[in-house]
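Taking it in order: structure first as structure tokens, then the write-up.
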Amino acid sequence: MIPVEDVIQNSKTSVAFTEIESSLQEMKGNITLILEDRQKNLSSLSDTKKKIESEILAIRQQINHHLDKIQDQFITELTSAVENSTQQIQSFLASVQENQREIDECIEDIVTIKKHATDLQTFLGIKVLENKLNETENTLSSWSNGELLAQTVVSYQLNNVLQNIYDEINTFGKTFVDSQACELTLHRRKEGQAQLMKGNFGPGSCGCSFENITLKLKTTINTTASNVSSCCILPCGKFVVANYDPSYLILFSPDGKIEKKIADIMPKIYDVACIDNDVVAVVSILTQNIKLVNLKSEKSFKTIHTSYPCCGITYSDGYLIVCSKNGQLQEIRLEDNKITDTGSDVVSFYIAALGNKLYSRKRESETIVCHNRNGDILWTFTDKTILKEPRGIAVDEHGNAIVAGVGSNNVIAISSDGTKHKMLLSENDLIKSPWPICYSSKLKILLVANEKDGHAYLYIVNHE
């Protein structure tokens with residue numbers, strides 16, 4: 001037992017008290033930094049809102065100016081058409097009025113002849129009047145048989161785009177809210193030393209480490225396909241594999257058994273995307289359209305025409321996103337088939353989407369690109385010692401890209417910020433020319449298929 005007086009002596013100058021005081025001051029400083037950071041975020045949100053409103057107003061003014069310009073052109077054309085028709089009618093009216101005066105003169109001559117002319121004068125006058133009458137009748141007949149008495153009508157046909165503007169344009173645009181990794185640097189005292197701690201509050205910060213991603217083989221499938229080009233996983237656990245040439249789809253049960261084969265959809269199927277448990281979207285590198293296929297009826301029930309043939313396709317929140325053969329990414333709203341250009345024009349082949357972020361391969365290179373739907377590139381990954389000839393691309397719920405390398409015979413994961421990578425599957429895992437891959441965030445499973453031998457592998461994905 002130690003006397004209390006000895007324990008509490010010099011407490012104010014003790015190391016523990018000093019450490020607590022320093023830690024509190026440090027914590028106060030961190031809280032101040034956090035408050036300043038959040039205030040900056042609020043200010044940036046307000047500035048961004050003003051910038052977007054200004055851009056929208058500028059676009060609106062451009063549209064109004066353009067509409068005023070084409071309206072003035074239309075009114076000028078209308079005025080010119082009406083004036084030309086008016087001049088023609090007025091010229092004809094002058095001729096009619098001249099004939100009317102001649103007829104009036106003939107009537108006056110008849111009255112004069114009756115009153116004052118002799119029989120000889122009457123006989124001669126009749127001949128003159130008959131000639132004038134015949135001339136007038138011939139003139140009237142030519143008018144009625146020609147176009148001079150045709151009714152002139154002015155009408156107009158409105159541009160179809162203007163007629164359908166209320167139906168076709170239902171929104172001025174889309175607003176995306178994206179969470180990005182926090183770069184705020186906080187201080188933390190630990191074991192008497194000051195250390196730096198970097199906050200990471202973006203995708204993947206839920207306690208799931210990128211380094212801890214592992215795969216466990218669930219099922220090995222012999223697809224019987226000879227030229228596998230794509231695959232997709234349905235929400236119910238079934239999955240679809242597409243063969244390029246000959247072109248067909250194969251529907252598998254969750255345990256990897258073939259349920260049906262669907263052919264005669266389109267030639268050279270390049271990619272397939274899941275819409276729901278019964279519908280998939282299919283594209284071909286040869287045709288300028290997208291086919292929606294009902295897996296139950298085994299029939300295509302809807303065709304969406306595109307400007308160019310498409311390579312990759314994915315589905316996200318009511319929109320199909322396709323890699324056009326000319327390189328420009330496009331969004332198709334399934335509600336009304338409205339097509340808009342989006343993202344970048346440097347990407348090609350397969351495409352994956354997570355919120356506002358798109359993942360794809362850069363055209364004419366072996367670079368994986370992550371960019372938002374406005375086309376701003378967030379990060380790129382190029383390491384030919386790790387990944388050669390990348391093809392299929394998927395993305396997990398934490399923003400990590402999963403890519404198949406057909407030349408390197410492997411599947412790798414790239415971290416959500418593009419700074420790290422991890423080998424998930426190699427040639428030793430029976431992977432041989434892996435081409436298409438698909439990940440289901442709902443079921444936590446990854447499907448990988450070889451291009452040539454028709455073998456596919458279903459893995460359980462663990463992030464813990």
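The values are calculated or read from the model by the stated rules, or taken from the named source; none is laboratory data. Worth saying up front: this structure is predicted, and the values here are computed from it rather than measured. Methodologically, a virtual Cβ is constructed for each residue, glycine included, from the backbone with ideal geometry; neighbour enumeration extends over all protein chains shown. Areas reflect the complete protein model, heavy atoms only, side chains present, ligands, DNA and RNA absent. Shrake-Rupley method; radii C 1.70, N 1.55, O 1.52, S 1.80 Å.
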> Restricting to region 383-405, what's the tally of residues that are under 28 Å from the mean Cα position of the chain (by Cα) and either hydrophobic (A, V, I, L, M, F, W, C) or under 24 Å from Glu464 (Cα atoms) (or both)?
Replying inline: 12
>> Show me the strands (runs of 3 or more DSSP E) entirely contained within region 346-464 in which 2 or more residues are among the charged types (D, E, K, R).
In response: 357-362
> When you scan region 87-170 for helices (runs of 4 or more DSSP H) that lie fully inside it, which ones turn up with 3 or more residues that are more than 30 Å from Thr76 (Cβ to Cβ)?
Replying inline: 119-145
>> For the condition modelled with pLDDT of 80 or more and open to solvent by 70 Å² or more (accessible area, probe 1.4 Å), what is the one hit in Asn145, Asn131?
In response: Asn131
>> Within region 188-196, does at least one residue satisfy the condition of being out of contact with any Phe, Trp or Tyr (no Cβ under 8 Å at 6 or more places or on another chain), open to solvent by less than 80 Å² (accessible area, probe 1.4 Å), small (Gly, Ala, Ser) and at pLDDT 70 or above?
In response: no
> When you scan region 315-328, how many residues do you find that are closer than 15 Å to Ser360 by Cβ and either at pLDDT below 85 or in a loop (DSSP other than H, G, I, E, B) (or both)?
Replying inline: 5
> Consider Ser297 against the criteria (1) part of a loop (DSSP other than H, G, I, E, B); (2) in contact (Cβ under 8 Å) with a residue 24 or more places away in the chain; (3) open to solvent by 20 Å² or more (accessible area, probe 1.4 Å): it satisfies all of them except one. Which criterion is unmet?
Replying inline: (2)
> Which of the residues spanning region 403-427 are farther than 16 Å from Leu446 by Cβ and in contact (Cβ under 8 Å) with a residue 60 or more places away in the chain?
Replying inline: Ser415, Ser416, Asp417, Lys420
> Would a scan of region 28-41 turn up a residue that is of a type in the set (A, V, I, L, M, F, W, C), under 30 Å from Leu133 (Cα atoms) and open to solvent by 100 Å² or more (accessible area, probe 1.4 Å)?
Replying inline: no
>> Looking at Ser408, Ser440, Ser433, Ser348, can you tell me which residue is at pLDDT below 90 and closer than 29 Å to Gly256 by Cβ?
In response: Ser433
